[in-house]
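Peer 1: One structure, as structure tokens, below. Some questions next.
What follows draws every value from the coordinates through simple rules; no lab data is involved. Please read all numbers here as calculations on a predicted model, not as lab measurements. So basically every Cβ, Gly included, is an ideal-geometry build from the backbone, and we count neighbours across all protein chains shown.
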Amino acid sequence: MKIAMIGSGYVGLVSGACFSDFGHDVVCVDKDASKIAALEAGRMPIFEPGLDQLVSSNVKAGRLSFTTDLQAGVAGADAVFIAVGTPSRRGDGHADLSYVFAAAKEIAQAADKPCVVVTKSTVPVGTGDKVEAILKETRPNFAWAVVSNPEFLREGAAIGDFKRPDRIVVGTEDAKAQDVMREIYRPLYLNAAPILFTGRRTAELIKYAANAFLATKISFINELADLAEQVGADVKDVSRGIGLDNRIGSKFLHAGPGYGGSCFPKDTLALLRTAEEYGTPLRIVHATVEANDLRKEAMGHKVVAALGGTARGKRVGLLGLTFKPNTDDMRDAPALDIVRVLREAGAEIAAYDPEGMEQARAALGELDYRHNPYDVAAGADALVLVTEWDAFRALDLKRLAESMRTPVLVDLRNVYNPAEAEKAGLTYHGVGRGVAGAESPLEQKVA
Ligand code: UDX
């Protein structure tokens, strides 16, 4: 199969590289000449484990190439994927589809034969219809087929997710387009990944429903964590206790500082806007978003409380800044809200992130950036584990405690065992790990 991938950002690049690794002939197109030049020189524009090797081996094999020339990329293609950005539109939270529609128009102008056009970008329900209308209007004499094929890639694990998916969703009722998509994903049959053929609008909704549901699991367990703290329960055991029920499932039940990243915050908002437009309120998703927004800010206040209620003149060390490990992505990271609250409270902030320092500087401005976790802890009044990078999972707690001015550990990812941290000399604050035997406000009143 000959595939053109329009947009060489995160999704386009990972998908294009994986398709070429399946043996397809792939051209990745992007308007950004410096990005294409970097890719041609073997430099990745994003940090994603394994991507550089995957790209270089397929470029070497002659199956993967890069260009700014959309017309050349699209020439002879059996399928053209649209994987351009769909950022939240400023002000109203709607997904901005201008890049998607511009790509559709350019594809129609450039195509030398009818082909299958596939939207990989996350797009609101009904976008496929609009893409089809643009294609037909621009080149009425071609028989166009438009497919929705959403991605479910996690940053940091994207190649594994692409090659070993739980399912592939293909939204089209066009039989020929279904055959093309079957052929494109054929190498995955070996992994027994089911392909789910649905209507196009259904496929578009599946993507939003999946992300909103996962976000809801996180907000749910985060609110339970707050309650666990109050009642003297441990949310980690609550997660395990409910997650072993197959109907619930154990994944996405880790309590933490709130979800961030390029997908959940943006996609939940876009889904809410769509629901509003159609007059069908999604109250649960609404509550999920609200709980998450409040949570990220509350984590800053949690640190201030751990400092004894005041941050002025205190030094706080942050371990990890990206929204999760194995990425350099700072988009909607809880660290942004935590730093804002701590700054407002007058704290001095030191920080370190294994891969995200450059992006963090761009997003957070001046902080006392350090080169390793021990430097961050030195002289601090609280050390906050914000992102659970592996490099932070086996720190020498005693060494940390001894180097701090006040040995307080705020573990926002529940990485450490509270008893071990206390034994090492740290005052430990986790998330949702209440003190056993806590009294309820009601009991106190009765007493
Ligand atoms: C997500 C989806 O998983 C993926 O399928 C979709 O295509 C894009 O969005 P990603 O944003 O890369 O992927 O990260 P993910 O691993 O899902 O984590 C999202 C956020 O949730 C992170 O901030 C993470 O820290 C948080 N999270 C995740 C929790 O707080 N608790 C959990 O149990 C799981």
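Peer 1: Given H placed 1.01 Å from N in the peptide plane, which residues other than close sequence neighbours of residue 329 have an amide H under 5 Å from its amide H?
Peer 2: 323
Peer 1: Can I ask one more? Write down the percent of antiparallel bridges among all DSSP beta bridges whose residues are both part of the chain, to the nearest 5.
Peer 2: So the antiparallel bridges amount to about 5 percent of the total.
Peer 1: A further question follows. Can you give the calculated 222 nm mean residue ellipticity of the chain, where each DSSP H run of n ≥ 4 adds -39,500 (n - 2.57) and the sum is split over every residue, rounded to the nearest 500 deg cm²/dmol?
Peer 2: Mean residue ellipticity at 222 nm (helix-derived): -13500 deg cm²/dmol.
Peer 1: Continuing with this model, one more query. Please get the size of the charge dipole for the chain, origin at its Cα centre, with Cβ charges of +1 on Lys and Arg and -1 on Asp and Glu, quoted in debye to the nearest 20.
Peer 2: Taking the Cα centre of the chain as origin, the dipole is about 340 debye.
Peer 1: So how do 310, 198, 268 line up by other beta-carbon neighbours within 10 Å, fewest first?
Peer 2: Neighbour counts put them in this order, fewest first: 310, 198, 268.
Peer 1: Also, I was wondering about something else. Report the trypsin sites (Lys or Arg not before Pro) located in segment 57-107 that are in a DSSP loop and have at most 12 other Cβ atoms inside 10 Å of their Cβ, or state none.
Peer 2: When the trypsin sites (Lys or Arg not before Pro) of segment 57-107 are filtered for loop state and at most 12 Cβ neighbours within 10 Å, 90 remain.
Peer 1: Could you tell me which of rounded, prolate or oblate describes segment 259-337, using a ≥ b ≥ c as the square roots of the eigenvalues of the alpha-carbon gyration tensor, with rounded for a/c under 1.5 and, failing that, prolate when a/b is larger than b/c and oblate otherwise?
Peer 2: Note, shape of segment 259-337 comes out oblate.
Peer 1: Read phi for every residue in segment 62-74 and hand back ³J(HN,Hα) as whole Hz from Karplus 6.51 cos²θ - 1.76 cosθ + 1.60, θ = phi - 60°, with x for Gly and Pro.
Peer 2: Those phi angles translate into x, 9, 10, 9, 10, 7, 9, 8, 4, 4, 5, x, 7 Hz.
Peer 1: Also: Amide H to amide H, which residues 5 or more places from residue 168 or on other chains are under 5 Å from it, using H placed in the peptide plane?
Peer 2: Close amide H contacts, sequence-distant or interchain: 195, 196.
Peer 1: Rounded, prolate or oblate: which one fits segment 295-420, using the alpha carbon gyration tensor with axes a ≥ b ≥ c (rounded when a/c is under 1.5, else prolate when a/b beats b/c, else oblate)?
Peer 2: rounded
Peer 1: What pairs from 35/136; 217/398; 251/324; 236/314; 105/163 go past 25 Å between their alpha carbons?
Peer 2: Exceeds cut-off: 35/136; 217/398; 236/314; 105/163.
Peer 1: On a straight-distance basis, which aspartates and glutamates could pair with residue 113 in a cross-link, Cα separation under 12 angstrom, same-chain partners fewer than 8 positions away excluded?
Peer 2: Cross-link targets: 78.
Peer 1: Can I ask one more? Could you pull out which residues in segment 106-123 have an amide N less than 15 Å from a spot 7 Å beyond the Cα of residue 71, following the Cα-Cβ vector?
Peer 2: 106-113
Peer 1: On to the next question. Quick one: which residues, 5+ away or cross-chain, put their amide H under 5 Å from the amide H of residue 379? H built at 1.01 Å from N.
Peer 2: For residue 379, the qualifying residues are 404, 405.
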